[in-house]
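Everything below concerns the one structure shown next.
The values are calculated or read from the model by the stated rules, or taken from the named source; none is laboratory data. Remember, it's a predicted structure, so these values are computed and weren't measured experimentally. Neighbour counts are summed over all protein chains in view; Cβ atoms, including those assigned to glycine, are modelled from backbone coordinates with ideal geometry. Keep in mind that these areas ignore ligands, DNA and RNA; they rest on the heavy atoms of the full protein, side chains included. Shrake-Rupley method; radii C 1.70, N 1.55, O 1.52, S 1.80 Å.
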Amino acid sequence: MTTSPANHWRDTPDRYGLVSRLLHWLTAAQVILLFGVLLAWKGFGEHPVTLLLARIGPHGSLGAMLLVTTLLRAMWAYRQRHHRPPRPPGLGGLLARCMHLAFYALLILIPALAILRQYGRGGHLIFYGIELLPEAEREIAWMMAPADLLHSTLAWLLLALIAGHVAMALAHRLWLKDGILARMLGSPQTTRDT
């Protein structure tokens, strides 16, 4: 069966379409750069490599971009919900669904809290040199408190979920050999004979 070029953009029961795959891998690249810059600062401090990474991916700008990417991804997933590859049956499928919902929640909540804190501090929101929100006239404590309490903790929880996600993708590819990873790589699902 041949598929029309339009079908390559959209999801099908056999694979995720080009838009879903691009948004997935763009999200992954943004998260890797965010954590890369953060860990470089923690490990090396002010170093030429760290400063270069921070210029490529300023934490606030990347966080704002991640929020936009995640919102676009959530809207696209909702529109494609009836066309996407089915989840595995049983407990495995339920766990996969819960993990993906947790990803969406964290990828929206973490940068949203940071933006709220930045504005609450009286700072302006800058996206790669372009001012998106002007400075507030004063500090607003209630806007800063949630991010001060949760931003870092939720970010490390996100990193733990990512580690589990990668481990499960590799398990599906190397151990279960059920074609789950192939769907996000754009190949039609291939399952082993039972």
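Values computed for the structure shown
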| item | result |
| --- | --- |
| Radius of gyration and maximum dimension Dmax of region 35-95, Cα, Å | 18.2, 50 |
| Virtual spin-label span in nm between V68 and H124, 7 Å along Cα→Cβ | 1.7 nm |
| Binned Cα-Cα distance frequencies in region 69-194 - 10 Å width, integer % | 11, 30, 28, 17, 11, 2, 0 |
| Ratio of the Cα radius of gyration of region 111-183 to 2.2 N^0.38 Å, where N counts its residues | 1.70 |
| Semi-axis lengths (Å, descending) of the ellipsoid that matches the C-alpha gyration tensor of region 1-129 | 33, 17, 15 |
| Kyte-Doolittle mean at least -0.5 and Cα axial length at least 20 Å: DSSP H helices in the chain | 18-44, 59-79, 90-120, 141-170 |
| For L125, distant residues with modelled amide H under 5 Å away | L132, L133 |
| For region 88-140, alpha-carbon Rg relative to the globular expectation (2.2 N^0.38 Å, N residues) | 1.76 |
| Length-normalised contact order for region 2-64 - Cα pairs under 8 Å, 6+ apart - percent | 22 percent |
| Farthest toward positive dipole pole in region 59-194 [+1 Lys/Arg, -1 Asp/Glu at C-beta], among L170, G123, M75 | L170 |
| Test item: Cα-centred dipole of region 26-168, Lys/Arg +1 and Asp/Glu -1 on Cβ, debye | 720 debye |
| Ranked order, W41, W142 - accessible area, probe 1.4 Å, largest first | W142, W41 |
